[in-house]
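Student: Below are the structure tokens for one structure; questions will follow.
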Protein chains: 2
Amino acid sequence: MSYNKTASITAETINPKVKIFDYEPCGEIARHAERLEQEMEKSPGSRPFPEITYCNLGNPQALGQRPITFFREVLSLCDNPALLHRDETRMLFSPCAINRARKIIESMPGRNSGAYTNNQGIRSLREAVANGIAARDGFPSRPEDIFLTDGASSAINLSMQILIRSQEDGILCPLPEYPLYSASIILHGGTMVPYNLSEDGDWGLEIFEVKRCLEEARIAGLTVRAMVIINPGNPTGQVLSITNQEEIVEFCRKEGLVMLADEVYQDNVYVEDKKFHYFKKVARSLGYDENDISIVSFHSVSMGFSGECGRRGGYMEICGFGDDVMGEIRKVASVTLCPNTSGQILTSLAMDPPKLGDGCFEDFMAEKEDIRLSLAKRAKTLASAFSSLEGMTCNKVEGAIYAFPRIHLPAAAIKAAKAEGMSPDMFYACRLLNATGIAVVPGSGFHQVSGRNKATGTWHIRCTILPGEDKIKAMIPRLKEFHESFMNEFRNRS
Amino acid sequence: MSYNKTASITAETINPKVKIFDYEPCGEIARHAERLEQEMEKSPGSRPFPEITYCNLGNPQALGQRPITFFREVLSLCDNPALLHRDETRMLFSPCAINRARKIIESMPGRNSGAYTNNQGIRSLREAVANGIAARDGFPSRPEDIFLTDGASSAINLSMQILIRSQEDGILCPLPEYPLYSASIILHGGTMVPYNLSEDGDWGLEIFEVKRCLEEARIAGLTVRAMVIINPGNPTGQVLSITNQEEIVEFCRKEGLVMLADEVYQDNVYVEDKKFHYFKKVARSLGYDENDISIVSFHSVSMGFSGECGRRGGYMEICGFGDDVMGEIRKVASVTLCPNTSGQILTSLAMDPPKLGDGCFEDFMAEKEDIRLSLAKRAKTLASAFSSLEGMTCNKVEGAIYAFPRIHLPAAAIKAAKAEGMSPDMFYACRLLNATGIAVVPGSGFHQVSGRNKATGTWHIRCTILPGEDKIKAMIPRLKEFHESFMNEFRNRS
């Protein structure tokens, strides 16, 4: 028999790049939480908590955030355009939504939301996005430069696919990092060049530290092609100051680095003294055009006030690549044919929402503000709860949707973790989950601990601020009780 | 200034893999057609045809296919679940759709269609898919083995990512091929091992030919990991006989090859004497279980009677990989978080449609049968129209949604094409587009011409059968007139 053993598929014979990376927000803790949940379904009351609180993933609607009514009405009508011709529809949908849906359907191939669209997305929807950016920033934006995408993740993967040629190509990424970046860089065969954010400086980005990492990488023979900046930060929650952003633009321009600006939390800013600034706007304000600097900005409908993660909508704006490169990017996009139409529609709505004078403007603004104000309140409550615990410090959550407190663990806890073959923060996160049902991601899931990293030996957890205000209020005593008993167990042990 | 020229992004410095592949269904002809369309919008009457007929892409709804009412009603309700609590809804939606939407919403995270779902897709929807497969085939199917995906393309990309380690790994693919395969193999750094389908044998698959290609590849040092089979065929339109399918299963089992079964056209079969058989069912009927053979089957909602391309819904069923490999696949899926929820819902509806006894069963079946019968008619009309032309032969369109006629071009036409630096079939397709507005894909876009290929020197076009019956009737005289004048121009020139 000619059966060829070398060709059979086992964990040993699959693509080794797949095996290297990890993606902890959906990893071990998430799986353990799901197991507990199933166990509790089978034997209710078997655990000392009523339910699992999934604080491991930034998943607003799973944790109770209501979708924006206008968005959903438009989607619903675009799915079933027959409704646009029925009188009863006016009893169920706002005139605003009916008008918008009519306009969108008119611009779709075959006047239908089920056809493949242009690989970059429907032109009229890209125009809506570009106009939204231009109106907000006061600098032009062109629909040719907008790629509608299935969420930001697929846009980030596509960018890595274009930029990375081999392991000799490096991409600068912040540490702690959102682990999509390391995963994507590994899968595309490149090398991640980490730079540390400064916990003592409110998780700010220090140019001298980035420069140090860039120079080390160049000495090691890497061609560093791009710098990832996440603003507002994930998992860190910082909002960069405008001065800091200007420094970053200057640095990338001087060093010939493409800026990969992850700006998916642009609508999640909670502090009065900080504002979100689009990196392209900062560059243009400094007088740099697309001949001076290349910027790819990522955005999505998953976060902000829309919270439409499951719909997989987003865009990237690409400025400063030549026409021939843009042609190649379009070709790569064509391999998966087009982004999903619901996501495309949602992205256009988020960037071109109802305006003053539109019938549904006030309702829309009220829903949006409710969400923002409530998130701001939750951010504050959770950060101060963490800070109040023995041995925990937590920077202000200025933006995004996570608290990222540091835990100063007793030596005995670190030893106990080691004995169980776990990182100390994973040990803490597992204990927390088992005792309270609260699922968080250990800081090591964001690769904060690495050889290059001066923060080695610091331990964190990432906890989303998304559970409703009532749930957060209920979580805090459970958190405190657990932490106290954990510290009691390990504080004085050796 | 330290500006690093080597890091700047030009077509010369991007990932070279991106530059190698082409994807002609969205390529040169499509772009030329779009330019013509824009030109005609600006100056109506400037061309001797009223509109562009996009026969280059299998895009049913763009060409007038109506979506299935039940599917769209359910989607519409899931987008806007507030409707489920309103009396007026019963005037606009069928009770069937209301019940199904209620059931789906109940099973979603946060009872909402906007949350991230499980990376593999919502469990209840995967159960619907697995149950649909099991009921149809009479062999079990498990929700753990179903991955809901953003269309088949992303599933195929994910499979290549898992299987391909280096250029030494080969994947057997049919020629003519659907160019997603070569693109995906190139992007993932592997080597395509083409095998020829037999045009004289109704585009059937000859095992001795596949064996010859496999052996040549092994002699060349490749580890061939998998064999792609597209059934019904794209671009060729053949439906494999059960005997042929059994041979293929035996072959893959003996040679230790993973079967990558592209079965996206399973609902598009138009001839009485052929039936679609799911490859997993064929293997199980032969007595082979998942220890004997690994099969990945791809399906999508883009084709068949649903035609919901733009919604990007689909699934893959993976049988015969170990648990550890499945874990790695889930991890890769988690990098893009989850497939879009509209696509997930549609996939569950297509695999678990209304049943006999459900209120909307008859309407659903009527819509479905209308589409199938009309496509069967169009397939026949178009194939015989092509066959009636001088120097053209066209195999029967047994399934899928394309005619793939062969054109025996006069020597002078081949010479003229060469003078313009085009392949002869591209030359013909461009002339056809300019003269009639009908966009088709030249056979060379499916890589039929290759060094290994015994069919070198044969020329084809792929033309979708999707335009409505009236449009097809109107197309045919234009096609004939063009072809006649083309042949007149070149027949006797030297």
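The values are calculated or read from the model by the stated rules, or taken from the named source; none is laboratory data. Keep in mind the model is a prediction, meaning the values are calculated, not measured. When we count neighbours, we look across all protein chains shown, and the Cβ atoms used for this are built from the backbone with ideal geometry, even at glycine. We work out accessible area using only protein heavy atoms, side chains counted, and drop any ligands, DNA or RNA first. Shrake-Rupley method; radii C 1.70, N 1.55, O 1.52, S 1.80 Å.
Student: So, A:Glu308, is that one in contact (Cβ under 8 Å) with a residue 40 or more places away in the chain, of a type in the set (Asp, Glu) and in contact with a Leu (Cβ under 9 Å, 6 or more places away or on another chain) or not?
Tutor: In short, yes.
Student: In addition: Considering only region A:267-297, state which residues are surrounded by fewer than 19 Cβ atoms within 10 Å (Cβ to Cβ) and among the polar types (S, T, N, Q).
Tutor: Hits for region A:267-297 are A:Ser285, A:Asn291.
Student: Identify, from the list B:Ala226, B:Ala217, the residue that is within 14 Å of another protein chain (Cβ to nearest Cβ), assigned to a helix (DSSP H, G or I) and open to solvent by less than 10 Å² (accessible area, probe 1.4 Å). Show your work before the answer.
Tutor: Values: B:Ala226 fails: assigned to a helix (DSSP H, G or I).
Criteria check complete, one pass: B:Ala217.
Student: Name the residues in region B:330-349 that are buried (at least 23 other Cβ atoms within 10 Å of the Cβ), of a type outside the set (Ser, Thr, Tyr) and more than 7 Å from chain A (Cβ to nearest Cβ), would you?
Tutor: B:Ala333, B:Pro339, B:Gln344, B:Ile345, B:Leu346, B:Leu349
Student: If you don't mind, another one. Could you tell me which of the residues A:Glu206, A:Glu250 is farther than 30 Å from A:Asn15 by Cβ and within 14 Å of chain B (Cβ to nearest Cβ)?
Tutor: The conditions single out A:Glu250.
Student: Still on this structure, please answer the following. B:Thr243 versus (1) open to solvent by 50 Å² or more (accessible area, probe 1.4 Å); (2) closer than 20 Å to B:Phe446 by Cα: which is the lone unmet condition?
Tutor: Checking B:Thr243 against (1) open to solvent by 50 Å² or more (accessible area, probe 1.4 Å); (2) closer than 20 Å to B:Phe446 by Cα, the one that fails is (2).
Student: How many residues does region A:252-265 hold that are assigned to a helix (DSSP H, G or I), within 12 Å of A:Phe279 (Cβ to Cβ) and open to solvent by less than 20 Å² (accessible area, probe 1.4 Å)?
Tutor: 1
Student: How many residues does region B:127-152 contain that are free of Cβ contacts under 8 Å to residues at least 40 places away in the same chain and either under 15 Å from B:Ala333 (Cβ atoms) or of a type outside the set (Gly, Ala, Ser) (or both)?
Tutor: Result for region B:127-152: 4.
Student: If you don't mind, another one. Which members of region B:161-187 meet the condition of being in a helix (DSSP H, G or I) and facing chain A (nearest Cβ under 9 Å)?
Tutor: B:Gln161, B:Ile162, B:Leu163, B:Leu180, B:Ala183, B:Ser184, B:Leu187
Student: Additional query: Testing A:Ser46 on (1) among the hydroxyl-bearing types (Ser, Thr, Tyr); (2) open to solvent by less than 30 Å² (accessible area, probe 1.4 Å); (3) more than 7 Å from chain B (Cβ to nearest Cβ), one condition comes back false. Which one is that?
Tutor: Single failed check for A:Ser46: (2).
Student: Sticking with this one: Does B:Glu206 fit the bill of being of a type in the set (Asp, Glu) and either buried (at least 18 other Cβ atoms within 10 Å of the Cβ) or in contact (Cβ under 8 Å) with a residue 60 or more places away in the chain (or both)?
Tutor: no
Student: Go through region A:283-301 and give me each residue that's modelled with pLDDT under 95 and of a type in the set (S, T, N, Q).
Tutor: If the condition is that a residue be modelled with pLDDT under 95 and of a type in the set (S, T, N, Q), then A:Asn291 is the only one that fits.
Student: Quick one: count up the residues across region A:309-330 that are in contact with a Phe, Trp or Tyr (Cβ under 6 Å, 6 or more places away or on another chain), assigned to a helix (DSSP H, G or I) and not small (Gly, Ala, Ser).
Tutor: Within region A:309-330, residues that are in contact with a Phe, Trp or Tyr (Cβ under 6 Å, 6 or more places away or on another chain), assigned to a helix (DSSP H, G or I) and not small (Gly, Ala, Ser) number 1.
Student: Please report, ordered by residue number, the helices (runs of 4 or more DSSP H) entirely within region A:50-149 with at least 3 residues that are at the interface with chain B (Cβ under 8 Å from one of its Cβ atoms) and over 23 Å from the mean Cα position of the chain (by Cα).
Tutor: A:69-79, A:89-92
Student: Just to be sure I understand, how many residues within region A:6-36 are within 12 Å of chain B (Cβ to nearest Cβ), open to solvent by 70 Å² or more (accessible area, probe 1.4 Å) and not aliphatic (A, V, I, L, M)?
Tutor: Within region A:6-36, residues that are within 12 Å of chain B (Cβ to nearest Cβ), open to solvent by 70 Å² or more (accessible area, probe 1.4 Å) and not aliphatic (A, V, I, L, M) number 6.
Student: Counting only residues that are at pLDDT 90 or above, surrounded by fewer than 24 Cβ atoms within 10 Å (Cβ to Cβ) and among the small types (Gly, Ala, Ser), which one in region A:440-475 is farthest from A:Pro410 (Cα to Cα)?
Tutor: Ranking the qualifying residues of region A:440-475, first place goes to A:Gly468.
Student: Could you please let me know if A:Asn196 is more than 24 Å from A:Val325 (Cα to Cα), crowded, with 24+ Cβ neighbours inside 10 Å and in contact (Cβ under 8 Å) with a residue 60 or more places away in the chain?
Tutor: Taking the combined requirement at face value, the residue does not satisfy it.
Student: Determine, yes or no, whether A:Glu398 is outside the structural domain of A:Asn234 (by the TED database), crowded, with 21+ Cβ neighbours inside 10 Å and charged (D, E, K, R).
Tutor: Yes: the conditions hold for A:Glu398.
Student: Name the pairs: first residue in region A:261-282 and not assigned by the TED database to the domain that holds A:Asp137 and modelled with pLDDT under 95, second residue assigned to a loop (DSSP other than H, G, I, E, B) and open to solvent by 30 Å² or more (accessible area, probe 1.4 Å), Cβ to Cβ under 6 Å, at least 6 apart or on different chains?
Tutor: Close Cβ pairs (under 6 Å, with a partner that is assigned to a loop (DSSP other than H, G, I, E, B) and open to solvent by 30 Å² or more (accessible area, probe 1.4 Å)) do not exist here.
Student: Which of the residues spanning region B:72-117 are surrounded by fewer than 23 Cβ atoms within 10 Å (Cβ to Cβ) and β-branched (Val, Ile, Thr)?
Tutor: Answer for region B:72-117, where residues must be surrounded by fewer than 23 Cβ atoms within 10 Å (Cβ to Cβ) and β-branched (Val, Ile, Thr): B:Thr89, B:Ile98, B:Ile105.
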